[in-house]
Amino acid sequence: MKVGIVRFPGSNCDDDAWHAVVDHLGQDAVMLWHKAHDLEGADVIILPGGFSYGDYLRAGAIARFSPIMREVMAHAKRGGIVIGICNGFQIACEAHLLPGALLPNDAGYRSMPVTVRVERTDTPFTSAASAGQLLTMPIAHGEGRFTASADELDRLEGDGQVVFRYVDSTGNPTPASNPNGASRNIAGVCNGGRNVVGLMPHPERAMEPLLGSTDGLVLFESLLATVNA
Amino acid sequence: MTATPRPGDPAITPALVAEHGLTDEEYRRMVAMLGRDPTFTELGVVSALWSEHCSYKHSLPLLRALPTKAPWVLQGPGENAGVIAVGDGLAVAFKIESHNHPSAVEPYQGAATGVGGILRDVFTMGARPVAMLNSLRFGSLDSARVRYLVAGIVKGIGDYGNCVGIPTVAGDVMFDPSYEGNPLVNAMCVGLLREEELTRAKAEGVGNPIMAVGARTGRDGIHGASFASEDLSHESDAKRPRVQVGDPFTEKLLLEATLELIASGAVVAIQDMGAAGLASSSAEMAARGDVGVVIDTTKVPVREPGMTPYEILLSESQERMLVVAHRGRDDTVREILAKWDLQAAVIGEVIAEPVYRVTEGDHVVAEFPGTKLVTDCPVYTPEARESAAVAALRGQDAHTVPEVAEESDPAWTLEHLLSSPTIAGKHWIYRQYDSTVRTNTVRGPGAGDAAVLRIRGSRRGIAAKTDCNSRYVYLDPRNGGQIAVAEAARNVACVGARPRAITNCLNFGNPKKPEVYWQFREAVAGMGEACAALDTPVTGGNVSFYNENPSGAVFPTPTVGMIGILDDVERSVGMAFAAADHSIVLIGEPTDELGASEYLARIHGLTAGAPPRCDLAKERATIEALLDAIGAGRVQSAHDCSEGGLAVALAECCIANRHAMHGARVDLSRWAGLPQRALLFGEAQARVIVSTTHPGDVVAAARRHGVSAFHIGTTAPAGEGLFIAGIAKPLAAPLARLADAYHESLARAMAPAATQEQGISS
């Protein structure tokens, strides 16, 4: 598997994604500069966390117009796998690769570990996980409150596009376990084609016991299983 | 050549000189240095470079006496940041710096630009920043203004570091009414480099081009350095335009571009354009290399037309660097900066003639002989005298303070101390800081007595912590200065790291006041003694005087930023008890000292009594014992006793990890002869609480180093709470109550700030 990691000028989780793929998964990765016009044959594209172009306007609002994003959108349209993490999720929403929008958190920036429940295992980022599996990973964002109209939320639920939900330690999506005020505790979603997945938590920061959690590993292993299938 | 006034320059009058903060004597010195009257531009440049902030004119003689050398010190004071060797060819660059005055008038931008400045100091050394820390001091949270400052400063620190993508991993926060109106914001950055990448800010090589790199120069922050060199007053709010505005996205670009520049080999030297901007960065780089320079201000990329040389030289616009490139390599510099969509312009060159010259096109607007602009700055040793009032406070016997009725239950006192904003958990603050980005954070905020970072590709790790109990320094600056260093070292040792070096940020009042200068002299001497005893030299730092408000000076606050090195990062330990049925060992011993304690401040509203004695030999032995025991894998947790004493430290070990709390049964009958409140809440130094599966080995390790250690209890399931027996009034407290006091108090105290927080978000 070859993973292309998009590097916007303000990306700051690009190296972490690289280490997750190369060091922990033992796969090939290539950094894709935002001004580039070529995905260099990558099977999977990761839009990493950070502040793409500063995000003073709205997180991800400018990034969607970058040269590399034209290629990423074409890749997604062909059914190629795209994973958006944190700012990458925001960019994917801005680029309409994913439904909904990510608004400023209801209570300001939050950096802390959260627990999410895997709602769907029929996506390339969750196929190796089990339904209902609880994963603990860090979040660190100021604009992660997933929002959509009530109708669209119902449709997303009905179509199985809600992939991750914030839950408490017993697996219940309580208000207290929702770190940003996201509608229906939604932490991650996929598109209708199920080839684009976005989430606010950082699985790439949960890859080794030394740093406190290995729960992100199963998500990256899902990518490998999907690509090799 | 000689400098002549520009058309339109104001005449140099005594009033204008005074407005520039120069004394009559300093002005005469300047005229003598030039051999003529200065131009307006020269007056501005000297005013900035001879400001306290840039020149250290009231502190230099004392700072020179600090220990600065050790075999592992690669770069001591005088550069953008200090650097120590880690082993395996790796090195750590680190420095702490204040941004107090800007933060007092414009908390969000003041704090944000403080973070930006210290980041640049570290990456200009060729180091990639890997962690931020910050040391904050505020007045009482009862004040709406203080809550506004806390909210704005924390958000400013968070937004800047989060955007650049550097984890904020540790710090220290203290609240005391003395900081009302003059908060302290000290930001520390830690960077990692390979030894051969070490880059210095020393201009060299006649004919080499000098380049302005990064953001354009605007009219913001002019005379920020001078502003930072005077007392804060009611008029200070009017100086808000002197506070710069930060752009962390540009900083991120500049960081990446700078590290690429250094890797390219195209540059000789780099310096941040920080305080006093282009004027100080160019003059200091020239002075370090003992070379001449010429700068043409018309070549500097500016944000708006019509800027004068005076404004261009003194602007403190953020996210700019001054680069000396190798001759013929300026195109390489331009290409690298262009990749990151940033500017690079040749604005001058290194010259053989021993002169510091500024031109506007062909017109010389400022010219100083040799490096005198930097080296001829006056140095003062003001009168020093202890305040009789403070000496009287120190002389008070804390034991004569009558107990309040509620103290009949020591659990009440404990809970009250745990809810003190100074002691309480700082989750409300650090949840606003990304502490896990870059995936190196082994122990982040709240997890250990210091932060622990792994170094990729090495078994080694870095520990970092800031500390300063300024109440101790106020009541006894010599002893307090020692303790600031010793406590930081102890904290670093508690996670399993050997303390290696410090950076310091010396926050004091007006040095022209004899009692302030006495505090400064004594505190610096105390720090020096501790650094020598603990083998942790000073590698750089910053002095911030004039931290005063209309009601007087802040507590003298010589903040220490300590770096420790772990040989095996997998061996690091946290502060929270790890499991039930572990033995609890106290390394060190309680005393009957109660002076200067948080107990007196919180329960009785008193700042009085002598601070606990600091025995540096004992501190060193305690650290060695701890490192032995941790290195042997015999320690499951370690936490030092500081504010609130033994009882607070035990409670913190029980509740620090809120998701996995543990109870404790402790017997202190061995010390039943001590006054109970001194035993529980006194702040005797050189003490560490360890939990262990091998108590005999820990006690033996302590004995080997001549340190006392006692098996005082056992950890228990959370449901058993904290139980301290063997004393006249036993202490029994359910953990839920202690945890609520410890973890929720700061959020509760800050709750009224919520509406204001919205108002100042960027």
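If you go through the range B:183-212 and pick out every residue that is at pLDDT 95 or above and either in contact with a helix residue (DSSP H, G or I) (Cβ under 9 Å, 6 or more places away or on another chain) or surrounded by 23 or more Cβ atoms within 10 Å (Cβ to Cβ) (or both), you end up with 16.
Take the conditions (1) touching a strand residue (DSSP E or B) at 6+ places or on another chain (Cβ under 6 Å); (2) within 11 Å of chain B (Cβ to nearest Cβ); residue A:97 misses just one of them, which is (2).
Please tell me if residue A:58 is at pLDDT 95 or above, within 14 Å of chain B (Cβ to nearest Cβ) and open to solvent by 30 Å² or more (accessible area, probe 1.4 Å). Talk me through it step by step, then tell me what you get.
Values: at pLDDT 95 or above: no; within 14 Å of chain B (Cβ to nearest Cβ): yes; open to solvent by 30 Å² or more (accessible area, probe 1.4 Å): yes.
No, not satisfied.
Only one of these conditions is not met by residue A:23: (1) open to solvent by less than 10 Å² (accessible area, probe 1.4 Å); (2) within 10 Å of another protein chain (Cβ to nearest Cβ); (3) modelled with pLDDT of 95 or more. Which number is it? Here residue A:23 meets the rest and fails (1). Please determine, by comparing only the residues of the range B:406-441 that are among the hydroxyl-bearing types (Ser, Thr, Tyr) and facing chain A (nearest Cβ under 10 Å), which one is surrounded by the fewest Cβ atoms within 10 Å (Cβ to Cβ). This residue is B:430.
Could you look through the range A:195-209, keep only residues that are in contact (Cβ under 8 Å) with a residue 12 or more places away in the chain and not aliphatic (A, V, I, L, M), and pick out the one that is farthest from the other protein chains (Cβ to nearest Cβ)? For the range A:195-209, the residue satisfying everything is A:195. Screening residue B:325 with (1) modelled with pLDDT of 95 or more; (2) under 19 Å from residue B:375 (Cα atoms); (3) open to solvent by less than 10 Å² (accessible area, probe 1.4 Å) gives one miss only, at (2). As a summary of the residue check, residue B:444 satisfies the conditions (1) within 14 Å of another protein chain (Cβ to nearest Cβ); (2) over 30 Å from residue A:208 (Cβ atoms) except for the one numbered (2). Among the conditions (1) surrounded by fewer than 24 Cβ atoms within 10 Å (Cβ to Cβ); (2) within 23 Å of residue B:207 (Cα to Cα); (3) of a type in the set (Gly, Ala, Ser), the only one that residue B:317 does not satisfy is (2).
Condition test on residue A:68, is it over 21 Å from residue A:139 (Cβ atoms), open to solvent by less than 10 Å² (accessible area, probe 1.4 Å) and either basic (Lys, Arg) or more than 17 Å from the chain's Cα centre (by Cα) (or both)? Step through it out loud before you land on a result.
Numbers: over 21 Å from residue A:139 (Cβ atoms): yes; open to solvent by less than 10 Å² (accessible area, probe 1.4 Å): yes; either basic (Lys, Arg) or more than 17 Å from the chain's Cα centre (by Cα) (or both): yes.
Taking the combined requirement at face value, the residue satisfies it.
Scoring residue B:637 on the criteria (1) without any contact (Cβ under 8 Å) to a residue 40 or more places away in the chain; (2) touching a Phe, Trp or Tyr at 6+ places or on another chain (Cβ under 8 Å) leaves a single failure, condition (1). Restricting to the range B:659-670, name every residue that is open to solvent by 20 Å² or more (accessible area, probe 1.4 Å) and modelled with pLDDT of 95 or more. Within the range B:659-670, B:660, B:661, B:662, B:665, B:667, B:669, B:670 qualify. For the range B:524-556, taking the residues that are charged (D, E, K, R) and not in a strand (DSSP E or B), the one that is surrounded by the most Cβ atoms within 10 Å (Cβ to Cβ) is identified as B:529. One residue alone among A:40, A:94 is among the charged types (D, E, K, R), closer than 19 Å to residue A:8 by Cβ and open to solvent by less than 40 Å² (accessible area, probe 1.4 Å), and that residue is A:94. With respect to residue B:638, determine if the residue is part of a helix (DSSP H, G or I), touching a strand residue (DSSP E or B) at 6+ places or on another chain (Cβ under 7 Å) and among the hydrophobic types (A, V, I, L, M, F, W, C). The answer is no for residue B:638. Here residue A:118 meets the list (1) modelled with pLDDT of 95 or more; (2) open to solvent by 10 Å² or more (accessible area, probe 1.4 Å) almost entirely, failing just condition (2).
The selection criterion, being out of contact with any His (no Cβ under 6 Å at 6 or more places or on another chain), within 14 Å of chain A (Cβ to nearest Cβ) and open to solvent by less than 10 Å² (accessible area, probe 1.4 Å), does not hold for residue B:259.
Any residue at all in the range B:452-471 that is part of a helix (DSSP H, G or I) and either hydrophobic (A, V, I, L, M, F, W, C) or buried (at least 24 other Cβ atoms within 10 Å of the Cβ) (or both)?
Taking the range B:452-471 first, the residues part of a helix (DSSP H, G or I) are B:470-471.
Checking the rest, the ones that are also either hydrophobic (A, V, I, L, M, F, W, C) or buried (at least 24 other Cβ atoms within 10 Å of the Cβ) (or both) come to B:470-471.
Yes: the range B:452-471 contains one or more residues that are part of a helix (DSSP H, G or I) and either hydrophobic (A, V, I, L, M, F, W, C) or buried (at least 24 other Cβ atoms within 10 Å of the Cβ) (or both).
Sort through A:219, A:153 and tell me the only one that's hydrophobic (A, V, I, L, M, F, W, C) and either open to solvent by 20 Å² or more (accessible area, probe 1.4 Å) or over 16 Å from residue A:88 (Cβ atoms) (or both). Lay out the reasoning, then the answer.
Working: A:219 fails: either open to solvent by 20 Å² or more (accessible area, probe 1.4 Å) or over 16 Å from residue A:88 (Cβ atoms) (or both).
That would be A:153, the only listed residue that is hydrophobic (A, V, I, L, M, F, W, C) and either open to solvent by 20 Å² or more (accessible area, probe 1.4 Å) or over 16 Å from residue A:88 (Cβ atoms) (or both).
The residue list B:606, B:594, B:627 contains one member that is open to solvent by less than 20 Å² (accessible area, probe 1.4 Å) and modelled with pLDDT of 95 or more, which is B:594.
All told, residue A:2 falls short of being facing chain B (nearest Cβ under 10 Å) and either open to solvent by 40 Å² or more (accessible area, probe 1.4 Å) or under 20 Å from residue B:250 (Cα atoms) (or both).
Here is a check on your reading of the model: is residue B:503 polar (S, T, N, Q), open to solvent by less than 10 Å² (accessible area, probe 1.4 Å), at negative phi and in contact with a helix residue (DSSP H, G or I) (Cβ under 7 Å, 6 or more places away or on another chain)?
Numbers: polar (S, T, N, Q): yes; open to solvent by less than 10 Å² (accessible area, probe 1.4 Å): yes; at negative phi: yes; in contact with a helix residue (DSSP H, G or I) (Cβ under 7 Å, 6 or more places away or on another chain): no.
Against the criterion (polar (S, T, N, Q), open to solvent by less than 10 Å² (accessible area, probe 1.4 Å), at negative phi and in contact with a helix residue (DSSP H, G or I) (Cβ under 7 Å, 6 or more places away or on another chain)), residue B:503 does not qualify.
For residue A:69, the stated conditions hold: it is under 20 Å from residue B:339 (Cβ atoms), of a type outside the set (Asp, Glu), in contact (Cβ under 8 Å) with a residue 12 or more places away in the chain and more than 14 Å from chain B (Cβ to nearest Cβ).
The values are calculated or read from the model by the stated rules, or taken from the named source; none is laboratory data. Bear in mind the structure is a predicted one, so any value in this text is a computation, not a measurement. Heads up, the Cβs are rebuilt from the backbone with ideal geometry, glycines too, and the neighbour counts pull from every protein chain shown. Keep in mind that these areas ignore ligands, DNA and RNA; they rest on the heavy atoms of the full protein, side chains included. Shrake-Rupley method; radii C 1.70, N 1.55, O 1.52, S 1.80 Å.
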